[in-house]
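The structure appears below as C-alpha cells.
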Amino acid sequence: MRPDELEDAVRETLSRQVALTRPLRVDPAGQAIRRANRIRRRRTAAGLALAAVSTVLLSAGMVQLGAGAGREGPPILVIGDPDPANRPNPTTSISGPALPSPTATVAVMSQTLVSADGRRLELPDVGPAEHVQPLSDNGGWLVVSTPSTAGRTLWVVQRDGLVQALLAGAGAIVLAPDSRQVAWRDGKDLLVAGVVGNQLIGAARTPAPPTAEPVRFVGDSVLVRLDPSAAGHTLWRPSAGQLPGALDEKTLNVYGPLPDGRLVGQITTDRPGRTCLAVLDPARQLSPVRTGCGLELSRDGVGAVSADGRWLLVNGTTGKVSRSLLVDLKRLGPDATAVAAGPAMTGTIIWSNPASASYLDGAGELVRLDVSAARAGRPASPDPVPGLPAGDRPVLVRGF
C-alpha cells in the first residue's frame, strides 16, 4: 500500500469514530429526577412520621421518658431530619439599625423574631409561639407553641437552620431560666428532663392530680400548682421521688425569686376578695415571712422580679384603672405602696437590668419601662412593634 493510501485509510477510520454517537455513562436528567423523587419521598415520610409520633408515641407512652420518679432510661425521641443539606437558614431582614446585643429584648410572632429596634429574624418551620427563650449556649432558641387540640409542642431552633420537635402533644410546658431543663404535663403524669443539644435526657416522671400543672423552676425543683381555680402549690424534687401534697393553701401566684432563693408571690387573706404580696420561703413549705397588703393586685399572675430583688412589676389597679404597678420590695410591709408603671402587661416580662424592663400590653405593643421615670411620675407608654402584620401578636424573648 502506498503511503498516500495508508494516510487516507487512517483519516477515514478516525472520521467514523468521531461521528459515532456513544451512550453517556451518567444520565444527568435521569439522575436529577431520581434525586428529586428521593427527596420528595423522604419529606413525605418525615411528615407522616411526625404526625404519627406526635399523636401516638408520646401520648401513648411508647417513647420511654423514664419509669417512676427515677432518672434512668434512654433519651427522649427527637423528631426531625438531622440532614443539614435541606436546612433553611434563619434569614435576617436588613430594615433598621445594627443587630441588638445578646441582652437586647426581641419579640417573636409566629415564625419571626423581632428586636425592639425593628430588626427581624425569620425562623423556618415553627408555628405560633407562646414562649421563646435562648438556648443555654445562645446557639438558638427553645420555642413553646401555643396550645392546640393536640396539645403543645416544644421546638429547638438552631442558628444553622435545624428545627426539631423535642415534645409534642404535651400539656403545660415550663423552661428553666437557663434553658437547661424543661418540665411538662403528659397525660396523668408530670415530667422533667434535661435539655442537651437537640435532645431531652435523664427524664423523671411522677403521677399527679388531674388539675396539677408545672409553674416554674425553683432551683432543681419544680413549683406545681395543684388546681388553677384555687390557691395552693407544692414543690416537686424529682431526685426525692413522687409529687408531695400541698405545701400551702394560700399562695395564688408566684412572680419570681429573690437572690437568696426565696420567692415573691400573691397570697389569699381572711377577707374575701383581698390578697397580699408576700415573700415566701421554699424551705419552710412556702410560708410567708413578710407581707404587704395595701395594694390592689390582679389575680392573673402576670409579674416579674428584677434580678437584684429590688423591684416587682405586677398587674393591679390604681383609681379603678387596670395597669402595671412598680413595687419597691425593700419596703414591702404593712404600708407597702406602688407607683403606676404603664399599661397592663401580658405574657413574658424581661428585666434587662435593675433599672429597665420590657413587656407587651394587651394590644401587643411594646412597653419599655424606666424605673427612675416611673418613680418620678412618668409611666411608660406603648410603641407599636415595627413591621408587625395585622392580627399577629408577638411574644417577648431576650436576644438573637
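Among the strands (runs of 3 or more DSSP E) confined wholly to the stretch 138-235, which include 1 or more residues that are among the aliphatic types (A, V, I, L, M) and over 20 Å from PRO257 (Cβ atoms)? Quick ask: steps written out before the conclusion?
Numbers: elements: 140-145, 152-158, 163-170, 173-175, 181-186, 189-196, 199-207, 213-218, 221-225.
Fully inside the stretch 138-235 and qualifying: 140-145, 152-158, 163-170, 189-196, 199-207.
Applying the selection to the stretch 367-387, what residues are among the aliphatic types (A, V, I, L, M), touching a strand residue (DSSP E or B) at 6+ places or on another chain (Cβ under 8 Å) and within 21 Å of ALA307 (Cα to Cα)?
Residues satisfying the conditions are VAL367, LEU369, VAL371, ALA374, ALA380.
Filter the stretch 194-240 for residues that are β-branched (Val, Ile, Thr) and more than 21 Å from the chain's Cα centre (by Cα); which is nearest to GLY140 (Cα to Cα)? Full working, then the answer.
Applying the first criterion (β-branched (Val, Ile, Thr)) to the stretch 194-240 yields 195-196, 201, 206, 211, 215, 218, 222, 224, 234.
Subsequent filtering for residues that are more than 21 Å from the chain's Cα centre (by Cα) retains 206, 211, 234.
Numbers: THR206: 30, THR211: 32, THR234: 32 Å.
Among those that are β-branched (Val, Ile, Thr) and more than 21 Å from the chain's Cα centre (by Cα), it is THR206.
How many residues does the stretch 286-326 hold that are within 27 Å of the chain's Cα centre (by Cα) and of a type in the set (Val, Ile, Thr)?
3
Only one of these conditions is not met by VAL321: (1) surrounded by 18 or more Cβ atoms within 10 Å (Cβ to Cβ); (2) under 20 Å from PRO382 (Cα atoms); (3) at pLDDT below 95; (4) among the aliphatic types (A, V, I, L, M). Which number is it?
Among (1) surrounded by 18 or more Cβ atoms within 10 Å (Cβ to Cβ); (2) under 20 Å from PRO382 (Cα atoms); (3) at pLDDT below 95; (4) among the aliphatic types (A, V, I, L, M), the lone unmet condition for VAL321 is (1).
Could you tell me whether SER358 is closer than 21 Å to ALA129 by Cα and out of contact with any His (no Cβ under 6 Å at 6 or more places or on another chain)?
Judged against the criteria, SER358 is a match.
Residue-wise test of (1) farther than 30 Å from PRO244 by Cβ; (2) under 13 Å from the mean Cα position of the chain (by Cα); (3) surrounded by 19 or more Cβ atoms within 10 Å (Cβ to Cβ).
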| position | (1), (2), (3) |
| --- | --- |
| GLN133 | no, yes, yes |
| ALA150 | yes, no, no |
| ASP178 | no, yes, no |
| LYS188 | no, no, no |
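Does the stretch 247-258 contain any residue that is assigned to a strand (DSSP E or B), β-branched (Val, Ile, Thr) and either out of contact with any Pro (no Cβ under 8 Å at 6 or more places or on another chain) or modelled with pLDDT of 95 or more (or both)?
Looking for residues that are assigned to a strand (DSSP E or B), β-branched (Val, Ile, Thr) and either out of contact with any Pro (no Cβ under 8 Å at 6 or more places or on another chain) or modelled with pLDDT of 95 or more (or both), one finds at least one in the stretch 247-258, hence yes.
I'd like to check something: does the stretch 259-271 contain any residue that is open to solvent by less than 50 Å² (accessible area, probe 1.4 Å), on the phi < 0 side of the Ramachandran plot, modelled with pLDDT of 95 or more and touching a helix residue (DSSP H, G or I) at 6+ places or on another chain (Cβ under 7 Å)?
Within the stretch 259-271, one or more residues are open to solvent by less than 50 Å² (accessible area, probe 1.4 Å), on the phi < 0 side of the Ramachandran plot, modelled with pLDDT of 95 or more and touching a helix residue (DSSP H, G or I) at 6+ places or on another chain (Cβ under 7 Å).
Since VAL385 meets every condition but one in (1) touching a Gly at 6+ places or on another chain (Cβ under 8 Å); (2) within 16 Å of LEU313 (Cα to Cα), which condition does it not meet?
The single condition VAL385 does not satisfy is (2).
Search the stretch 280-294 for residues that are farther than 16 Å from ALA338 by Cα and pair each with any residue that is among the charged types (D, E, K, R) and part of a strand (DSSP E or B) when their beta-carbon atoms are under 9 Å apart and the residues are at least 6 apart or on different chains.
What qualifies is SER287/ASP281; PRO288/ASP281; VAL289/ASP281.
Return the pair list, or none, for Cβ contacts closer than 7 Å from residues in the stretch 224-242 that are touching a residue at least 60 places away in the same chain (Cβ under 8 Å) and open to solvent by 40 Å² or more (accessible area, probe 1.4 Å) to residues that are aliphatic (A, V, I, L, M) and in a loop (DSSP other than H, G, I, E, B), at least 6 apart or on different chains.
Close Cβ pairs satisfying both conditions: GLN242/ALA69.
Among LEU313, LEU369, which is closer than 19 Å to PRO384 by Cα and in a strand (DSSP E or B)? Please lay out each step first, then the result.
Working: LEU313 fails: closer than 19 Å to PRO384 by Cα.
LEU369 is the lone residue from the list that is closer than 19 Å to PRO384 by Cα and in a strand (DSSP E or B).
Filter the stretch 288-310 down to the residues that are farther than 22 Å from PRO228 by Cβ and in a strand (DSSP E or B), then identify the one that is most open to solvent (accessible area, probe 1.4 Å).
Among residues in the stretch 288-310 that are farther than 22 Å from PRO228 by Cβ and in a strand (DSSP E or B), the one most open to solvent (accessible area, probe 1.4 Å) is ARG290.
Go through the stretch 198-207 and count every residue that is under 22 Å from ALA129 (Cβ atoms) and open to solvent by 50 Å² or more (accessible area, probe 1.4 Å).
1
Can you confirm whether SER306 is closer than 19 Å to ARG375 by Cα and touching a residue at least 40 places away in the same chain (Cβ under 8 Å)?
Yes; evaluated as a whole, the condition is true for this residue.
The values are calculated or read from the model by the stated rules, or taken from the named source; none is laboratory data. These numbers come from a predicted model, not from an experiment. Every residue, glycine as well, gets a Cβ built from its backbone with ideal geometry; the counts of neighbours run over all protein chains shown. Heavy atoms of the whole protein, side chains included, go into the accessibility calculation; ligands, DNA and RNA do not. Shrake-Rupley method; radii C 1.70, N 1.55, O 1.52, S 1.80 Å.
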